[in-house]
Amino acid sequence: MTLRLPFTRPDLHTTDRPSSTAQWTTLGRALELRREERIVTDVYAPVFLSDVSQVLLQSLDLVGPVFRQAERLTLVGLAASGLCRHRFIDEHLVAALPSVDQVLILGAGYDSRAYRFADEIGDRPVFEVDLAPLSRRKAAVIDAHPELFEHASIRRVEIDFRTQSLQSQLAGTDFAVGAATFVVWEGVSMYLDASAVAGTLGALVELCGAGSVLAMDNWQTVRGPGGYLPRRLAERAMALIGEPIGFAVDASEVASVLEPHGFVVDDLAEGAEMTARYATGGRRCDPGMYVVAARL
Ligand SMILES: C[S@@+](CC[C@H](N)C(=O)[O-])C[C@H]1O[C@@H](n2cnc3c(N)ncnc32)[C@H](O)[C@@H]1O
């Protein structure tokens, strides 16, 4: 028999539960709706929260002023990073949409861009790709709220990036191979390993045509006590909830990961730059996460 602390979880890939980190990022976007000066506005986020996340949301509401102060600490910089990376990808998506034919969201979680940018996306198909339990829970929540979710051009694709190829999983859909595609890969690479990341980049090159854009974030090493400790705590917490960190690449080396697959880096923002561009309310991003947009 395995002894388990009450808040710990077995590895995500060995269970039929939806991702907890997808709940965290969604909780972050739901909390953001309480603020006046927002980094992102996602009115759909609260609908996707589990019962536990709903209780957390209400508890954090009760300690609002303390929470606002705590948010300024580097220790909670990952919360601001999660919001700023979302904003970075939003901006690149909106800029690229006029010249792409479809949108592919890898490890989509409760990403609601298909609804938030329904007007800009128009009739371009949106392919949302994720592990089956997450994908099915999301579909069930959406089906239960027809009054909120009207956009109909979403195709749901179930995949495990570690064991299945994007080409085979997209094969049964109307994904247009070779067409210009905006690819979102947000908050996912760090939960994979180098081989799954390389495999997915290789698949993207085969599937997406010239003019495609990939927007993603990565985990990187942080040196010095100010960044090291929060990083170790975050990594420990993720391992405990069954979603351990398995891949990191320093921002200075990301081109060497992307370029062999044909992706040329267009825009890159590390923590300080993400803070300068998007953070509000004195919040600061974690130096261990950065965002990158690259073009095929
Ligand atoms: C931190 S969440 C990010 C969700 C969403 N992109 C966001 O930013 O809110 C990580 C997502 O990656 C998905 N994921 C993790 N490992 C995966 C794998 N091996 N194959 C497919 N999806 C995976 C999880 O199910 C989850 O939805």
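The values are calculated or read from the model by the stated rules, or taken from the named source; none is laboratory data. The shown structure was predicted, so the numbers you read here are calculated from the model rather than taken from an experiment. Methodologically, a virtual Cβ is constructed for each residue, glycine included, from the backbone with ideal geometry; neighbour enumeration extends over all protein chains shown.
Things to note:
- Of all residues in segment 147-194, those being over 20 Å from the mean Cα position of the chain (by Cα) and among the acidic types (D, E) number 3.
- Any hit, segment 276-295, residues being touching a Pro at 6+ places or on another chain (Cβ under 6 Å) and either buried (at least 17 other Cβ atoms within 10 Å of the Cβ) or of a type outside the set (K, R) (or both): no
- Any chance E206 is free of Cβ contacts under 8 Å to residues at least 40 places away in the same chain and surrounded by fewer than 16 Cβ atoms within 10 Å (Cβ to Cβ): yes
- Conditions (1) in contact with a His (Cβ under 8 Å, 6 or more places away or on another chain); (2) touching a residue at least 60 places away in the same chain (Cβ under 8 Å); number of the one not met by V40: (2)
- Among residues of segment 100-111 that are closer than 14 Å to Q23 by Cβ, those with a beta-carbon under 9 Å from a residue that is among the aromatic types (F, W, Y) and in a strand (DSSP E or B) at least six positions away or on a different chain give the pairs G107/W185; A108/F127.
- Residue in segment 23-31 that is away from the ligand (no atom under 11 Å from the Cβ) and at pLDDT 90 or above present: yes
- Residue, modelled with the lowest pLDDT, within segment 206-231, restricted to residues that are in a helix (DSSP H, G or I) and either hydrophobic (A, V, I, L, M, F, W, C) or in contact with a strand residue (DSSP E or B) (Cβ under 8 Å, 6 or more places away or on another chain) (or both): L229
- Where a residue in segment 165-191 is within 30 Å of P244 (Cα to Cα) and its partner, wherever it lies, is basic (K, R) and more than 16 Å from the ligand (Cβ to nearest atom), with Cβ under 9 Å and at least six apart: F182/R124
- Filtered residue count, segment 216-240, keeping only those that are within 17 Å of the chain's Cα centre (by Cα) and within 20 Å of R9 (Cα to Cα): 3
- In the condition set (1) touching a helix residue (DSSP H, G or I) at 6+ places or on another chain (Cβ under 7 Å); (2) free of Cβ contacts under 8 Å to residues at least 40 places away in the same chain; (3) surrounded by 15 or more Cβ atoms within 10 Å (Cβ to Cβ), S135 is compliant with all but (1).
- Counted residues, segment 239-256 - those being in contact (Cβ under 8 Å) with a residue 40 or more places away in the chain and assigned to a helix (DSSP H, G or I): 2
- Of the criteria (1) at pLDDT 90 or above; (2) loosely packed, with under 14 Cβ neighbours inside 10 Å; (3) in a helix (DSSP H, G or I), which one Q54 fails: (1)
- Leading residue by the ranking (farthest from L166 (Cα to Cα)) among those in segment 214-228 that are in contact (Cβ under 8 Å) with a residue 40 or more places away in the chain and more than 16 Å from the ligand (Cβ to nearest atom): G226
- Considered as a group, the residues in segment 216-260 that are touching a Phe, Trp or Tyr at 6+ places or on another chain (Cβ under 7 Å) and under 28 Å from S99 (Cβ atoms) include one that is surrounded by the most Cβ atoms within 10 Å (Cβ to Cβ), and that residue is M216.
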